[in-house]
Amino acid sequence: MPAIIPSLWFNQNIEAAMKLYTETFPDSSIDNIMYVGEDGPGPAGSILAATFTLSGHTFEGINAGPEFTFSEAVSFAVRCSSQEEVDYYWNALTANGGIESECGWLKDPFGLSWQIVPERLYELLSDPNPARVRGATDAMMKTHGKLIIADLEAGADSAG
């Protein structure tokens, strides 16, 4: 079966992106770097493309330029088992120029969108009581920035 590998277009900053990602996520590595040759495109010896692994998943990246940019139409969800994990990934990916968004979404310093989501939210949204689901959903939708498990639980409890 063929592998399906996300391929990301970076604006001449793939090296910094790979450094951030591989330092942030466990079981990660920079696997292969391809360099520009004497005939281009770009300065000889600069990074053209690379393959890297994040939490055991392979990614490819091209170091191409500003022609295409990331948007929220594609994001990566990080499911976290605790508030400590949510805090860790949130802080790592918003540091040095990342931007907080709504409902647990953020853009990292390279413009790539991430959803940092506690597993507890999925549990609350699967509750058999529709009022609790509505309360958890309302709490999530009112959040600017990082999701707080206690707030999600309080929303579910107040409605259920």
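Could you go through segment 99-108 and let me know if any residue there is in contact (Cβ under 8 Å) with a residue 24 or more places away in the chain, closer than 20 Å to K19 by Cβ and open to solvent by 20 Å² or more (accessible area, probe 1.4 Å). Yes: one or more hits.
Let's see how each residue does on (1) over 26 Å from A92 (Cα atoms); (2) of a type in the set (S, T, N, Q); (3) surrounded by 11 or more Cβ atoms within 10 Å (Cβ to Cβ):
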residue	(1), (2), (3)
L8	no, no, yes
T24	no, yes, yes
Y35	yes, no, yes
G42	yes, no, yes
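If you check A139, A159, A95 for being modelled with pLDDT under 95 and open to solvent by less than 50 Å² (accessible area, probe 1.4 Å), only one passes: A159. Here the helices (runs of 4 or more DSSP H) wholly within segment 47-160 that include at least 2 residues being within 15 Å of the chain's Cα centre (by Cα) and among the hydrophobic types (A, V, I, L, M, F, W, C) are 83-94.
The values are calculated or read from the model by the stated rules, or taken from the named source; none is laboratory data. Everything quoted here is computed from the prediction, not taken from an experiment. Glycine also receives a Cβ, built like all others from the backbone with ideal geometry; neighbour counts cover every protein chain displayed. Areas reflect the complete protein model, heavy atoms only, side chains present, ligands, DNA and RNA absent. Shrake-Rupley method; radii C 1.70, N 1.55, O 1.52, S 1.80 Å.
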